[in-house]
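Note sheet for the following structure.
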Amino acid sequence: MKVLFVVTSAIHTKFGVYSKNERIQQTLDTFKSIEHQMGKTPEVQYDICLIEMGQEKLTPAEERLFEPYVNYLFDYTGDEQILEISQSPNWDIVKSSTEMLCFWNTITTASNTGVTDGAMSIYRYDRVFKVSGRYTLTDDFNVYEHLNTDMVVFAQKRDSQFKPETTLGRTKQYMTRLWSWPVAKTADVLRAYSTAIDDHANTIQRGGYVDIEHLLYQHIPQSIVKELPVIGICGNISPNGVQVND
């Protein structure tokens, strides 16, 4: 068996309480935690894909720090649409918009790439994990809880922290720091993301607020989701440094 970890990252960003150097170290800790936890199951091979979507490109020195861990790098820092989104003063809007667009584009590219090509192909893997950069897998992470099901796996859904009138009626959400899906359900995931991207833009235009967590709960069919009470990831959220554990 082989799995792919897709790590989303924004090293150079004007948002949040962490410096560039702190973000680099936290991201290295993300890679090391994957290496450590997957070392417990050597029969399951893995690769790591890094999606970088900050406001500035990684320097060659920064890329060299990541090279021992990263098999594939998708760098969207020069993308005009991403740079335009980053001009918003609202970090939550920037994060959700850039992550959805870059993630959707990366997985779409990988699903259109054959296994005989040199680039990343989704079909080399049995399951794909999405991991937020700067967060680390904990000892509660068990790769077989994901591999032994044909469902999309999230941590247990949570109530929204916003009033329903703010989110235009959305009251539940899935935490997206760590979740996974079987490659056979890639089309379902891409369909959900495509709809969520449009829904996000429409909600903002209507004066509401919504983020990727609420949108994935809304658009990924409940019939294909398995929830885990504890999924096995921890870290500190960027806006205020508060530690979270899922």
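Quick notes
- Within segment 1-24, restricting attention to residues that are among the polar types (S, T, N, Q) and surrounded by fewer than 14 Cβ atoms within 10 Å (Cβ to Cβ), the residue that is modelled with the highest pLDDT is Asn21.
- Residue within segment 65-78 that is surrounded by fewer than 15 Cβ atoms within 10 Å (Cβ to Cβ), under 21 Å from Met100 (Cα atoms) and either of a type outside the set (Val, Ile, Thr) or over 20 Å from the mean Cα position of the chain (by Cα) (or both) present: yes
- Criterion violated by Asn240 - all others in (1) surrounded by fewer than 17 Cβ atoms within 10 Å (Cβ to Cβ); (2) touching a Lys or Arg at 6+ places or on another chain (Cβ under 7 Å); (3) in a loop (DSSP other than H, G, I, E, B) satisfied: (2)
- Sole exception among (1) touching a helix residue (DSSP H, G or I) at 6+ places or on another chain (Cβ under 9 Å); (2) assigned to a loop (DSSP other than H, G, I, E, B); (3) among the polar types (S, T, N, Q) for Thr166, by number: (1)
- Within segment 126-148, the residues that satisfy the criterion of being outside any helix (DSSP H, G or I), out of contact with any strand residue (DSSP E or B) (no Cβ under 8 Å at 6 or more places or on another chain) and not charged (D, E, K, R) are Asn142, Asn148.
- Residues in segment 89-120 that are among the polar types (S, T, N, Q) and part of a loop (DSSP other than H, G, I, E, B) were compared, and the one that is surrounded by the most Cβ atoms within 10 Å (Cβ to Cβ) is Thr113.
- Arg134 passes every criterion in (1) under 16 Å from Gln218 (Cα atoms); (2) in contact (Cβ under 8 Å) with a residue 40 or more places away in the chain; (3) among the charged types (D, E, K, R) apart from (1).
- Note on segment 137-156: residues that are farther than 21 Å from Glu43 by Cα and either out of contact with any helix residue (DSSP H, G or I) (no Cβ under 7 Å at 6 or more places or on another chain) or surrounded by fewer than 17 Cβ atoms within 10 Å (Cβ to Cβ) (or both) amount to 4.
- Asn71 vs. criteria closer than 27 Å to Ala196 by Cα and free of Cβ contacts under 8 Å to residues at least 60 places away in the same chain: no
- Close pairs (6 angstrom Cβ cut-off, 6 or more residues apart or separate chains): in contact (Cβ under 8 Å) with a residue 40 or more places away in the chain in segment 160-189, among the hydrophobic types (A, V, I, L, M, F, W, C) and in a helix (DSSP H, G or I) anywhere: Tyr174/Leu216; Thr176/Ile212; Trp181/Val189; Val183/Ile122; Thr186/Ile122
- Elements of type strands (runs of 3 or more DSSP E) in segment 1-84, at least 1 residues being small (Gly, Ala, Ser) and within 30 Å of Ala184 (Cα to Cα): 2-9
- Taking each residue of segment 197-211 that is free of Cβ contacts under 8 Å to residues at least 24 places away in the same chain and looking for partners that are surrounded by 12 or more Cβ atoms within 10 Å (Cβ to Cβ) and outside any helix (DSSP H, G or I) with beta-carbon atoms closer than 8 Å, six or more apart or interchain, yields Asp199/Val210.
- Of all residues making up segment 190-237, the number that are of a type in the set (Val, Ile, Thr), part of a helix (DSSP H, G or I) and closer than 30 Å to Met38 by Cα: 2
- For Tyr123, the conditions (1) assigned to a loop (DSSP other than H, G, I, E, B); (2) under 15 Å from Cys49 (Cα atoms) all hold with the exception of (1).
The values are calculated or read from the model by the stated rules, or taken from the named source; none is laboratory data. Since the structure is predicted, the reported quantities are computational estimates derived from the model, not experimental observations. All Cβ positions, glycine included, derive from the backbone under ideal geometry; neighbour counts span all protein chains shown.
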